[in-house]
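Only the coordinates and a few stated rules stand behind these numbers; no lab work does. These figures come from a predicted structure and were not determined experimentally. Neighbour counts run over all protein chains shown; Cβ positions are idealised from the backbone, glycine included.
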């Protein structure tokens, strides 16, 4: 027997866009909003900058782990029930964060939030897949991606303002209110888009075998890690933003968002230009253009770090780098999934696992080592980009060798 939510008519594109766009920034909302508060938490709890930075790292470690399971769980139990459960978890954990007195308590609660929040992006993609196909699905993905790009800019600005006016605990009060509102809105307006007849039971043995096949594919790993390296190089500046903006640029904590604005603008501009470049130059030449751009941007970043006094001019390479990430990201991700047409969803979860694991290492290990120097940050960004370029060259060589093999 179908529930009321199962009998609701499908969402129109106008209805789906705001619901799915906001759902897609769930991770950003519960992660980026905390970045401007880290200095205030450090001072209030009397801890080191490295200790408070682990609240970011633990969030992404937990997020990476659950990337392997959110899609599987939603395929087994539908879209609405897991979402409602996650929103309740986020509400309760945010309320408990209001009462923490030790950093260890915040570590535990942030880990719980990391386990929960990652469902947003996965459900956004899954519901689009449920409702649309072909060109309609591509358009909806592009439109929701635009909304999601706004999250890393607007959310830290909001977090900085709340911290400045009411203190860092106000951020968790806001997140508690956001969880309540989302629970009410999605329970009322989001229909169940996966009927019971299409649901897949969870079979641990089959899943484990498929995960091993995907993660054991050299093709998949080289291309996925190449993209992850580019993303991690950009995320280095996101994770280090409070220290970078306050101590290196000499700006107040309320202006942490200035590090995010050029990156978000670069991502949006790149996503807009990508279809035009693909139509004119094709995939291979567009990827080459992106990596040539990475080379120029990294050289500029290093030169500015060595020769130019601290100032907003140092943010220019961040926007240019994000533009190149936007050009290369869909191509590397899509090409990595080619060997797994029947398991594209699971392979995409593995991609998110690798990306979020890398982000956790950046936030918890690399950013604290480099954030005291423009030069070190520039070198770290260049080293990660070089690692991705080497993997891409390796993949190109392996592909050419495979094409030369005689067909049996």
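General observations
- Rg/Rh for region 195-311 (Cα atoms only, Rh after Kirkwood) is 1.12.
- Alpha-carbon centroid distance for the pair region 5-67 / region 84-107, whole angstrom: 12 Å
- Dmax and Rg, reported as Rg then Dmax, of region 11-202 (C-alpha, Å): 17.1, 54
- Isotropically averaged projected area of region 226-281, using the convex hull of Cα atoms (one quarter of hull area), nm²: 4.7 nm²
- In nm, spacing of pseudo-spin labels at residue 208 and residue 300 (7 Å Cα→C-beta vector): 5.0 nm
- In whole angstrom, region 162-229 maps to an equivalent ellipsoid with semi-axes of 38, 25, 11, each derived as √(5λ) from the alpha carbon gyration tensor and ordered largest first.
- q = 0.13, 0.15, 0.20, 0.21 Å⁻¹, region 140-275: log10 I(q)/I(0) [Debye, one scatterer per Cα]: -0.94, -1.10, -1.18, -1.20
- Given R0 = 41 Å, the distance between the Cβ atoms of residue 197 and residue 338 translates into a calculated FRET efficiency of 0.90.
- Most to least packed among 191-200, 240-249 [average Cβ atoms within 10 Å]: 240-249, 191-200
- Ellipticity estimate at 222 nm from DSSP helix runs (n ≥ 4, -39,500 (n - 2.57)) divided over the chain, nearest 500: -26000 deg cm²/dmol
- Relative contact order [Cα under 8 Å, 6+ residues apart], region 163-263, whole percent: 14 percent
- Whole-number D in µm² s⁻¹ for region 203-401, Kirkwood Cα-pair radius fed into Stokes-Einstein, 10 °C, 1.306 mPa s: 90 µm²/s
- Max-minus-min Cα coordinates of the chain on each principal axis give 63, 61, 39 Å, with the largest extent listed first.
- Relative contact order of the chain, defined on C-alpha pairs under 8 angstrom at six or more residues apart (%): 26 percent
- Taking every alpha-carbon pair in region 282-398 and binning the separations at 10 Å intervals from zero gives 12, 37, 35, 13, 3, 0 percent.
- Packing, as the average of other Cβ atoms within 10 Å across residues, places the peptides 363-369, 175-181, 121-127, 309-315 in the order 121-127, 363-369, 175-181, 309-315, highest first.
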